[in-house]
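K.L.:
Next up is a structure, given as structure tokens.
Every read-out reported here was derived from the displayed coordinates using simple, explicitly stated rules and does not represent laboratory data. Just so it is clear, the model here is predicted, and its values are computed rather than measured. Positions of Cβ are backbone-derived with ideal geometry, glycine not excepted, and every protein chain shown enters the neighbour counts.
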Amino acid sequence: MVLRPWSDVSSGIEHADCRCVAGVYRFEDLRVWQAAKQQCDRVGVLLKQPAFQRDREMSEQMNDAALSVMFNISEGFLRRRDKETLQFLRYAFASNGELKSGYYAAAGRDYLSAAEMEDLIRLNESIAKMLRRWQATLEPGDSRSSRNRDQGWTKDPARTKDQARTKDQGRTKDQGRTKNEAPRPKDQ
């Protein structure tokens, strides 16, 4: 029996309306989403502080990044294809990195204490690690990827990207002529 990401292991029934990642059927049950929500909630608390209230641009950027991490994790989880899931996890990872940069900027402007900064960076990095581990299970060529085993995402080493094409095929007016041949009327 081949188990798909949405298979119910206990009964052997495949659910068309949900996706299961390691026994998780709701995105709210994912540890990475829970951590992202905690981070988002903490950013929300920070943004109520007077220093952040005065710096609207920084506040909006950090809020958008924090929300993006949560939203992209949930949307990725709900996608039915590994390739789509992987793309949303990449978005979440990038937004998480953007938020980390925001923490450094806020600390540089003395909006955060050293202890707050350290704690937020630790949470942010734990989210990044969880996202990278999940991404690694979906990457083409990874032996842990169900899509790789079930649907053949493996690369054919004998085939190259532009195997049948020449460097300038279809790009020059004089294609097909020899050096000494005069241009044809339609090429001029």
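K.L.:
Output the residues belonging to region 95-146 that are charged (D, E, K, R) and within 30 Å of GLU84 (Cα to Cα). Outline the logic, then answer.
P.N.:
So in region 95-146, the residues charged (D, E, K, R) come out as 98, 100, 109-110, 116, 118-119, 122, 125, 129, 132-133, 139, 142, 144.
GLU98, LYS100, ARG122, GLU125, LYS129, ARG132, ARG133, GLU139, ASP142, ARG144, listed by residue number.
K.L.:
For region 55-90, name all the residues that are over 19 Å from ARG26 (Cα atoms), among the aliphatic types (A, V, I, L, M) and crowded, with 18+ Cβ neighbours inside 10 Å.
P.N.:
MET62, ALA65, ALA66
K.L.:
Do you know which residues across region 53-93 are of a type in the set (A, V, I, L, M), within 30 Å of GLY23 (Cβ to Cβ) and touching a Leu at 6+ places or on another chain (Cβ under 8 Å)? Write out each step before concluding.
P.N.:
Keep residues of region 53-93 that are of a type in the set (A, V, I, L, M), which gives 58, 62, 65-67, 69-70, 73, 78, 86, 89, 92.
Now narrow it down to the ones that are within 30 Å of GLY23 (Cβ to Cβ): 65-67, 69-70, 73, 78, 86, 89, 92.
If the condition is that a residue be of a type in the set (A, V, I, L, M), within 30 Å of GLY23 (Cβ to Cβ) and touching a Leu at 6+ places or on another chain (Cβ under 8 Å), then ALA65, ALA66, VAL69, ILE73, LEU86, LEU89, ALA92 are the ones that fit.
Here's the yes/no breakdown for (1) basic (Lys, Arg); (2) crowded, with 17+ Cβ neighbours inside 10 Å; (3) within 14 Å of ALA128 (Cα to Cα):
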| site | (1), (2), (3) |
| --- | --- |
| TRP33 | no, yes, yes |
| ALA36 | no, yes, yes |
| GLN39 | no, yes, yes |
| GLN53 | no, no, no |
| ALA92 | no, yes, yes |
| ALA107 | no, yes, no |
| LEU112 | no, yes, no |
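K.L.:
Let me ask another. Taking region 35-86, which residues are within 16 Å of the chain's Cα centre (by Cα) and in a loop (DSSP other than H, G, I, E, B)?
P.N.:
ARG79, ARG80, ARG81
K.L.:
Could you check MET117 against (1) more than 20 Å from TYR25 (Cα to Cα); (2) surrounded by fewer than 15 Cβ atoms within 10 Å (Cβ to Cβ) and say which number it fails?
P.N.:
(2)
K.L.:
Have a look at SER95, SER101 and point out the one that is hydroxyl-bearing (Ser, Thr, Tyr), closer than 19 Å to ALA35 by Cα and in contact with a Ser or Thr (Cβ under 7 Å, 6 or more places away or on another chain). Write out each step before concluding.
P.N.:
Working: SER101 fails: in contact with a Ser or Thr (Cβ under 7 Å, 6 or more places away or on another chain).
On inspection, the qualifying residue turns out to be SER95.
K.L.:
So LEU86 ticks every box in (1) closer than 25 Å to THR137 by Cβ; (2) in contact with a Phe, Trp or Tyr (Cβ under 6 Å, 6 or more places away or on another chain); (3) not polar (S, T, N, Q) but one. Which box is left unticked?
P.N.:
(2)
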